[in-house]
């Protein structure tokens, strides 16, 4: 009963977050000064009859709360709306999801492998030059603005060294994705490595690890089996949440590397005042982030048996 009540509370909280965030985005797009219909025409004004017809078609003549209510009604049916050219937002996103997913998963894999490895090395070399040097390197790298790191990496690895393509997805995976994914992953390495280091240092000094050593287990088993599992909990929590951020936070990188993903679609929609596309894409990204938060809870339950007994 307690578990079911917690699940209901969790779902209710997620629903409130979804409604609150999507309403704020809807307000930011459609309630701010300016007419999105007239903005589409640029310097060439539209006829009044055309503007009126478009406003009626997209419910822009209704109060903002009523517009949002109708939008929620479409969401229940799986409809994210259509842009001002009549193209469904779901169809616009469908062809771009593979690029964004491949980019996000590649960056995520780099964060997992490199971030956890750095954290483990730091814990095993606690207080040494290696520990302090890796900490300084990851923190320094994460402080560089993403667009600066992206452009510099293009110049170094793409232009001067000619190791990897600098733009587009013509060369497929992994060639076209390694460089932009590496730029994204840099900003998660510091957090992952620090979380892993702190948890591993604590685990290595725990009683069960000392007992394992006293029973004659080798360093590989002590670190890889006894210390690693409990140390993964904080890093795994961050990584699960970070996957949602990666799927929705690739706008700048997709723009720099000219990757035709969902982030680039959102950027183009903002630039061209395509309000329905902005709201639809943002809603989809919010749903993904909320789903990852549920996965975080599941990972907690899988890694920490004490939570299952609570």
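The values are calculated or read from the model by the stated rules, or taken from the named source; none is laboratory data. Bear in mind that the values here come from a model prediction, so they are computed numbers and not experimental data. Cβ atoms come from the backbone with ideal geometry, glycine included; neighbour counts cover every protein chain shown.
Report whether or not residue 164 is outside the structural domain of residue 56 (by TED's automatic domain parsing), surrounded by 14 or more Cβ atoms within 10 Å (Cβ to Cβ) and over 28 Å from residue 241 (Cβ atoms).
Details: outside the structural domain of residue 56 (by TED's automatic domain parsing): yes; surrounded by 14 or more Cβ atoms within 10 Å (Cβ to Cβ): yes; over 28 Å from residue 241 (Cβ atoms): yes.
Against the criterion (outside the structural domain of residue 56 (by TED's automatic domain parsing), surrounded by 14 or more Cβ atoms within 10 Å (Cβ to Cβ) and over 28 Å from residue 241 (Cβ atoms)), residue 164 qualifies.
Given the structure, is residue 71 modelled with pLDDT of 85 or more and in contact with a helix residue (DSSP H, G or I) (Cβ under 8 Å, 6 or more places away or on another chain)? Steps first, please.
Numbers: modelled with pLDDT of 85 or more: yes; in contact with a helix residue (DSSP H, G or I) (Cβ under 8 Å, 6 or more places away or on another chain): yes.
Considered against the rule, which asks whether it is modelled with pLDDT of 85 or more and in contact with a helix residue (DSSP H, G or I) (Cβ under 8 Å, 6 or more places away or on another chain), residue 71 comes out as yes.
Kindly evaluate residue 76 against the criterion of being in contact (Cβ under 8 Å) with a residue 40 or more places away in the chain and either farther than 28 Å from residue 202 by Cα or touching a helix residue (DSSP H, G or I) at 6+ places or on another chain (Cβ under 6 Å) (or both). Explain how you work it out, then say what you get.
Numbers: in contact (Cβ under 8 Å) with a residue 40 or more places away in the chain: no; either farther than 28 Å from residue 202 by Cα or touching a helix residue (DSSP H, G or I) at 6+ places or on another chain (Cβ under 6 Å) (or both): yes.
So residue 76 fails the test.
For residues in the stretch 12-68 being modelled with pLDDT of 80 or more and in a loop (DSSP other than H, G, I, E, B), which is surrounded by the most Cβ atoms within 10 Å (Cβ to Cβ)?
62
For (1) buried (at least 23 other Cβ atoms within 10 Å of the Cβ); (2) at pLDDT below 85; (3) part of a helix (DSSP H, G or I), each residue gets a yes or a no:
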site	(1), (2), (3)
232	no, yes, yes
266	yes, no, yes
273	no, yes, no
288	no, yes, yes
293	no, yes, yes
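Here are the criteria: (1) closer than 30 Å to residue 52 by Cβ; (2) in contact (Cβ under 8 Å) with a residue 60 or more places away in the chain; (3) assigned to a helix (DSSP H, G or I). Tell me which single one residue 84 does not satisfy.
Only one criterion is unmet by residue 84, namely (3).
Just a yes or no: is a residue in the stretch 247-260 modelled with pLDDT under 75, part of a helix (DSSP H, G or I) and either buried (at least 18 other Cβ atoms within 10 Å of the Cβ) or outside the structural domain of residue 30 (by TED's automatic domain parsing) (or both)?
Yes: one or more hits.
Would a scan of the stretch 170-185 turn up a residue that is more than 18 Å from residue 250 (Cα to Cα) and surrounded by 17 or more Cβ atoms within 10 Å (Cβ to Cβ)?
No, the conditions are met nowhere in the stretch 170-185.
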